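Only one structure is covered here, and it is reproduced in the block below.
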Amino acid sequence: MVFVLWWNSVFMREFEEFEEATRLGRSIFLDPYGASNPAEFFAVASEYFFERPGVMERKHPELYAMLSRIFNQNLGSRAASIAREIKRGRPRFGRNSPCPCGSGNKYKKCCLRGSRRAS
């Protein structure tokens with residue numbers, strides 16, 4: 001119940017601010033199509049969440065936190081895993097590398113297993 005109240009307050013406030021910014025022609029961070037209705041705003045914000053998580057987290061921390069909880073994603077730890085692998089000089093993920101999905105598991109116990117089933 002608490003999450004629903006939080007969702008309503010954050011989501012509608014962000015939507016109304018976005019709608020206002022779009023109407024006034026101010027620089028906005030999302031596709032203007034998202035201002036057409038709340039469902040489109042959710043779709044556009046979700047797309048941006050996965051494409052540019054760092055920017056969203058800086059510009060709209062509450063919306064970022066809400067989408068992180070909804071999608072059960074910790075994109076910050078995913079970025080840290082990728083940065084760690086690149087720093088080690090091995091941008092490829094081996095079986096024992098931390099999984100880039102941010103789960104905290106080894107790649108072989110997480111996403112590698114799913115990718116083998118798909119092929």
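The values are calculated or read from the model by the stated rules, or taken from the named source; none is laboratory data. Given the structure is predicted, the values throughout are model-derived calculations rather than measurements. Here Cβ is always computed from backbone atoms with ideal geometry, including for glycine, and neighbour counts include all displayed protein chains. With ligands, DNA and RNA removed, areas are computed over all heavy atoms of the protein, side chains included. Shrake-Rupley method; radii C 1.70, N 1.55, O 1.52, S 1.80 Å.
Numbers for the structure displayed
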read-out	value
Residue in the range 55-76 that is of a type outside the set (F, W, Y), modelled with pLDDT under 70 and surrounded by fewer than 16 Cβ atoms within 10 Å (Cβ to Cβ) present	yes
Scan of the range 37-54 for residues that are open to solvent by 50 Å² or more (accessible area, probe 1.4 Å) and at pLDDT below 85, ordered by number	F50, E51, R52
Close pairs from the range 40-57: first more than 12 Å from F71 (Cβ to Cβ), partner β-branched (V, I, T), Cβ under 9 Å, at least 6 apart	Y48/V55
Filter result (farther than 23 Å from L5 by Cα, open to solvent by 60 Å² or more (accessible area, probe 1.4 Å) and either free of Cβ contacts under 8 Å to residues at least 12 places away in the same chain or in a helix (DSSP H, G or I) (or both)) within the range 15-35	R23, L24, G25, R26, S27, P32, Y33
